[in-house]
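These notes are about the structure you will find just below.
The values are calculated or read from the model by the stated rules, or taken from the named source; none is laboratory data. Everything quoted here is computed from the prediction, not taken from an experiment. Note that each Cβ is placed from the backbone with ideal geometry, even for glycine, and that neighbours are counted across all protein chains shown. We work out accessible area using only protein heavy atoms, side chains counted, and drop any ligands, DNA or RNA first. Shrake-Rupley method; radii C 1.70, N 1.55, O 1.52, S 1.80 Å.
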Amino acid sequence: MSATDRLTRFRVEGMDCASCASKIDRAVRRLPEIDDVRVSVVAGTMTVTHGEDADLAEVARKVDSLGYRTSLLAREPAHGKADENPTGATACCGGHGHDHNDHGADHGHQHHHARIDGPWWRSSKARLTILCAAALAAAFVVAHIFPQTAFWSFTLAMTVGLVPIARRALAGAMNGSPFSIETLMTVAAAGAVVIDAAEEAAVVVVLFLIGELLEGIATGRARASIRALADLMPKTALLERDGKTETVPADSLAVGAVVLVRPGDRVPADGTVLSGESAVDEAPVTGESVPKRKEPGDTVFAGTVNQDGVLRVEVTAAAADNTISRVIALVEEAQESKAPTERFIDRFSRYYTPGVMVVAALIAVLPPLVGGAEWATWIYRGLAVLLIGCPCALVISTPAAIAASLSAGARRGLLMKGGAVLEGLGRIDHAAFDKTGTLTEGKPQVTDIAGIGMDEREVLRLAAALEAGSSHPLARAILGRAERDGIAIMPASDAAALGGKGVTGMLEGRRLLLASPRAAAETAPLDSALQTRIAALNDDGKTVSLLLVDNTIAGLIALRDEPREDAVEGLAALRRLGADAVMLTGDNARTAKAIGGTLGIEVHAELLPQDKQRIVGEMRAKGYRVAKVGDGINDAPALAAADIGIAMGGGTDVALETADAAILHGRVTDVADMIALSRATMRNIWQNITIALGLKAVFLVTTVLGVTGLWPAILADTGATVLVTANAMRLLAWRGMK
C-alpha cells in the first residue's frame, strides 16, 4: 500500500450471500487504480483501497451493473481519519455523475437483489418470487384446460424468473465471474426446455428464487442484529448551557459538553460523571446483566440506561467516536476480514464450480456416445447434476457462521477483529494475564480495619476525616468504605500531607495522623504483636496505614487492589476449556504472589514490558497458542507478541484498536467466553460444510442412478442453503458459557 492510497467505503444494497460478495470483489478488482477490495455481506458495505486517480463513479457503476445499488459512505486516507461524511451517513454518489434514480429504472427485474428493511414480502426479491410463482400457477391452470399449450405456458412462466437470473449471469461473466450460481441455473433451466422438460424448468426457477429469498431473509436478520445497536442511541440530549438545560440532537454533542441524564434516560454520549450517583444498566452495550453503580469520576457509555438518580455527565467522545459507533464500525470491518477456513473455501469454490460443469457435461454426453444410451435421459441427468453442484450452500457455510458469531459476541461486549481472530481464539491453550485492572479491579479497596483501644467504625471515621476532599486512590478507597458503612464524614481542619509519610489534621480537638508503619514508628513505637500483624498483612499483598490520635496508635487500615469478583470463576472456566493461565505483572513480587495464591495461578512479577513480551515469545516457542490479556497500554509489546492479543478496558481507544480482540466490560469470564464462542463457531462451520457436501453427495448418486431428477436436485441445493443458513443463525442466540 503506497502513501498516496486512499480508502473509500460504499454502501452496497442487495447482497445476501458470499457469491454476491465474490462477484463484486472480482469485478471491482479489474478496474484501474484499485489495489484492494473488502466486501461485507452482513454489513452491506464495500471498502476499496485505491490510488488518487481511481474513478469512483466507475466503481459504483461497475457494482450497479451486477444488479446492486451503490452509494458512497466515506472516503479517507489509507492511514487516516475519514475526511468526507465521517458520521457514516449514507451519501448519494450523484456527485460522481451517477444518478440512482435512473439506475433503478434501468435494471428492471435484474435488480431483484434488495436490502430487506421491513417485511420480507415488500422486497423486490420477494415480488419477483411471488410473480414467478403466480406465473407458474397460471401455467398449470392453462395447461390443464388447454393441454396442447403446456410446453409454451411453462416456458413463459419460467422466463419470468429466468430472464433476470440470466442477465445477472451475463453481467457476472463479463466482469470475471463466468462460473456463478446464476450461470449454472441458467444453463440447467434452458437445457431443460430444450429436452422438453419445461414444466420442471419452471418449477426449478421458482424453487431457486425461493431459496435466494430465504437466504436474504436470514442475512437480513444478521444485519439487523448489528443495526439494532445503532437504535440504542437516543435522538436527543439535555445540554447544560449558561446554567440552563436545553434539548439538542444527541449527535451534535461536542467533547467537553455537559449533559443531564435523568432516571430512565439513555446516556446520549460516552462521558465521565461530574456529579450525582445512580445505577446504570450497561446490558445493551456490554451484556453485563447487573446494573453498575456510577459516581463522580466513573465512565459511562452511550446507549446505556440510567436507572434511579440524576447524573451530570461531561462528554468525552463525539457521536462518530462513541462506544456504540466504534463497536458497529469494528464489527463491520471484522466481517470484511476473512477467516482462513473461509479463504480456503473461496479458493476451493473457484475450481469446484467449473469442475461441476465439466462433470455434468461428461454425464450428459459420455453414456450416449460410449454406450449408446438415450440422449434425452442423460442430458436430463447431466442438468440435474449441474443443479446439485450449485456451490451456494458451501460458499455461505463459513461467512454466515462468522457473521452471526461476530454479531452475537459484539452484543455481549466481545469484540473480535475479523474471522481470522475468531478462528484463532478457538485454538488458544495458554492465557497470559496482566494483574492490575485485568485480574484485579485496578483500584484499591479497604480489606481490614482494626481498632487498638478504639472501635473499628471510629477508626474509619477519623481516617475518612483526614482524607476528605482527597483524590488519591487510597483516600478514595477509605472514603468509599466509610460511605458504604453509613458513616457521616466531618472533614478534619488544618489537614496537610506529609511528603512520603501520610496526612495529618485536627478533629474535635485531637491531633490525627494517618501514616505508613515506618512513618508512624517515628512518632509512636510499634510493639512486636503489631509488627507481626502488619507483616502478615503485607505478605497478603496489602498496604497498611496506621492511625495515630494524639501521638498514640489507635488502629490500622489495610488496603489492596482486590481480584475481580469473577476472576476465580473465569480462570476455572479457562481450565475447563483446556487453557492454562499465568500472571505477568510489573507489580512487586509479594503483592503479585498474594493475588496469585488467592486465584491459584502461576505468577511472574516485577516485569518490564519487554520482559512480558519475552515470556510470551518463550511460551509460543514451546508450541503453545497464547492469548495475552491486558489493558492495551503498557502491555502493548506482549499483546503484539501473542497469537491473540485481548484488551480489557471499557471501550477506550486502546481497548478497541490496539489488540486483536477487546472485552468491553472487563470480566475475566469473558476470555473463556471468547474461546468458547470461537469453538462453537468452528463446530457450526464444519456442520455446515458437512450438510452442504453431504446432501450433494447423496443426490449426486441418486441422480446418476436415475432415482431423482431436476426437482429433487434444486430442492437439495435450496434445502442445503436454507439448512446451512439457519444453522449459522443459531449463533445469534449465543449467550455465553453455561
Mean Cβ-within-10 Å packing, highest first, puts peptides 21-27, 144-150, 690-696 in the order 21-27, 690-696, 144-150
Here, A138 and D485, labelled 7 Å along Cα→Cβ, have an inter-label distance in nm of 8.5 nm
Placing each pseudo-label 7 Å from Cα in the direction of the beta carbon, R590 and T272 end up separated by a distance in nanometres of 3.3 nm
Report the Cα centroid-to-centroid distance between segment 18-61 and segment 164-203 in angstrom, as an integer. 25 Å
For segment 395-472, how big is Rg over Rh, using alpha carbon atoms and the Kirkwood form of Rh? 1.35
Principal-axis tilt of helix 198-230 within the chain, Cα atoms, nearest 10 degrees: 10 degrees
I'd like the carbon and sulfur percentage of the solvent accessible area for the chain, probe radius 1.4 Å, heavy atoms only, ligands and nucleic acids excluded. 56 percent
Segment 675-722 versus segment 347-383: alpha-carbon centroid distance in Å: 20 Å
Mind sorting out which of [x] 15, 43, 35, 7, 0; [y] 15, 38, 28, 13, 5, 1; [z] 17, 50, 29, 4, 0 is the real P(r) over Cα pairs in 20 Å bins from 0, in percent computed from the coordinates? [y]
Most packed first (mean Cβ within 10 Å per residue), the peptides 234-244, 579-589 order as 579-589, 234-244
Subtracting the Cα-Cα distance of V358 and E458 from 0.36 nm times their residue separation yields 27.1 nm
Counting all C-alpha pairs of segment 585-738, share separated by more than 18 Å (%): 71 percent
Using only the alpha-carbon atoms, how far is helix 567-576 inclined from the longest principal axis of the chain? Give it as 0 to 90 degrees, nearest 10. 40 degrees
With 18 Å as the cut-off, how large is the P(r) tail for segment 513-659, expressed as percent of Cα-Cα pairs? 66 percent
Cα-based Rg and Dmax for segment 365-523, in Å, come out at 36.1, 117
Want the number for L693 to D550: 0.36 nm per residue separation, take away the alpha-carbon distance, what's left? 43.1 nm
Relative contact order of the chain (C-alpha contacts under 8 Å, at least 6 apart) in percent is 12 percent
In the structure shown, of K417/K443; K417/K612; K417/K628; K292/K612, the pairs separated by more than 21 angstrom at the C-alpha atoms are K417/K443; K417/K612; K292/K612
Debye intensity ratio I(q)/I(0), log10, segment 383-433, q values 0.17 Å⁻¹ (C-alpha model): -0.65
Along Cα→Cβ, 7 Å out, is where each label goes; now give me the distance between the ones at V194 and E240 in nm to one decimal. 7.8 nm
Which translational diffusion coefficient, to the nearest whole µm²/s, is obtained for segment 582-627 from the Stokes-Einstein equation, given a Kirkwood hydrodynamic radius over C-alpha pairs, 20 °C and 1.002 mPa s? 194 µm²/s
Once you have a ≥ b ≥ c as the square roots of the Cα gyration tensor eigenvalues for segment 679-738, tell me rounded if a/c is under 1.5, and otherwise prolate or oblate according to whether a/b is larger than b/c. prolate
Can you tell me which of 527-539, 315-327 comes out highest on packing, and rank the rest after it, using the mean Cβ neighbours within 10 Å? 315-327, 527-539
What ³J(HN,Hα) values, in whole Hz, does the Karplus curve 6.51 cos²θ - 1.76 cosθ + 1.60 give for segment 504-515 when θ = phi - 60°, with x put for Gly and Pro? 10, x, 10, 8, 6, x, 10, 8, 10, 9, 10, 8
